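First comes the structure, then the notes that go with it.
The values are calculated or read from the model by the stated rules, or taken from the named source; none is laboratory data. Just so it is clear, the structure is predicted and the values come from calculations on it, not from any experiment. Don't worry about glycine lacking a Cβ; one is built from the backbone with ideal geometry, like all the others, and counts go over all protein chains shown.
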C-alpha cells in the first residue's frame, strides 16, 4: 500500500512538471507562473468562502443523522480541496476546483455513504436515577431579625 501511494505521488509530480513545461512553451514561463499563482489564490478564496458557509450551516441547523454524515464528508472534501489548491501545479488545482463543485461533493458522499456506518449514541450513561433539568439561582432574601431588642452599646 505504501508503495502504491509513493508511486501515485511520484507520477503526480512527473505529470505536474510535464504539464508546466507544455503550458510554459505555449504561453511563456512568466505567464505560466502568474497563472499558477492566480489559480491558487482564487481557489483558496473559494475554499475559505465555502468553508465558512459550511460552518454556519452546521452551527445553525440541528442536523439529522444523514445530514450529519453529508456535513462530515463535505467538510472533508473542502479540506482535501484546500490542500490540493495549496500544492503548486495545474493538475492538483483542477482536482481541488472539482472538489468544490456541489455535484462532485454529492458523488463523493454517495460513494462513501455506503462504506460508513453511523451509530448514534443517546445518553449512554443515563439510568433511571439520572434526570435532566434546569435551574436558576435567585438572590437570598435578607434575614429578618428574630430578636426585637435593640442592640446594646
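For the range 34-56: of the residues being over 12 Å from the mean Cα position of the chain (by Cα) and in contact (Cβ under 8 Å) with a residue 12 or more places away in the chain, which is farthest from residue 99 (Cα to Cα)?
By that ranking, first place goes to 35.
Mind checking whether some residue in the range 47-61 is within 30 Å of residue 24 (Cα to Cα) and either at pLDDT 75 or above or surrounded by 11 or more Cβ atoms within 10 Å (Cβ to Cβ) (or both)?
yes
Please indicate, with yes or no, whether at least one residue in the range 21-31 is under 13 Å from residue 90 (Cβ atoms), at pLDDT 90 or above, part of a helix (DSSP H, G or I) and touching a helix residue (DSSP H, G or I) at 6+ places or on another chain (Cβ under 7 Å).
Checked against the condition, which is being under 13 Å from residue 90 (Cβ atoms), at pLDDT 90 or above, part of a helix (DSSP H, G or I) and touching a helix residue (DSSP H, G or I) at 6+ places or on another chain (Cβ under 7 Å), the range 21-31 yields at least one hit.
Here's the yes/no breakdown for (1) at pLDDT 80 or above; (2) more than 15 Å from the chain's Cα centre (by Cα):
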{"site": "69", "(1), (2)": "no, no"}
{"site": "74", "(1), (2)": "yes, no"}
{"site": "82", "(1), (2)": "yes, no"}
{"site": "126", "(1), (2)": "no, yes"}
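Please verify whether the range 100-107 includes one or more residues that are more than 30 Å from residue 23 (Cα to Cα) and either exposed (fewer than 12 other Cβ atoms within 10 Å of the Cβ) or at pLDDT 75 or above (or both).
yes
Consider only pairs whose beta carbons are under 9 Å apart and that are at least six residues apart or on different chains; among these, list those whose first residue lies in the range 1-16 and is at negative phi and whose second residue is assigned to a helix (DSSP H, G or I).
Once the first residue is at negative phi and sits in the range 1-16, its partners that are assigned to a helix (DSSP H, G or I) give 12/91; 12/92; 15/91; 16/90; 16/91; 16/92.
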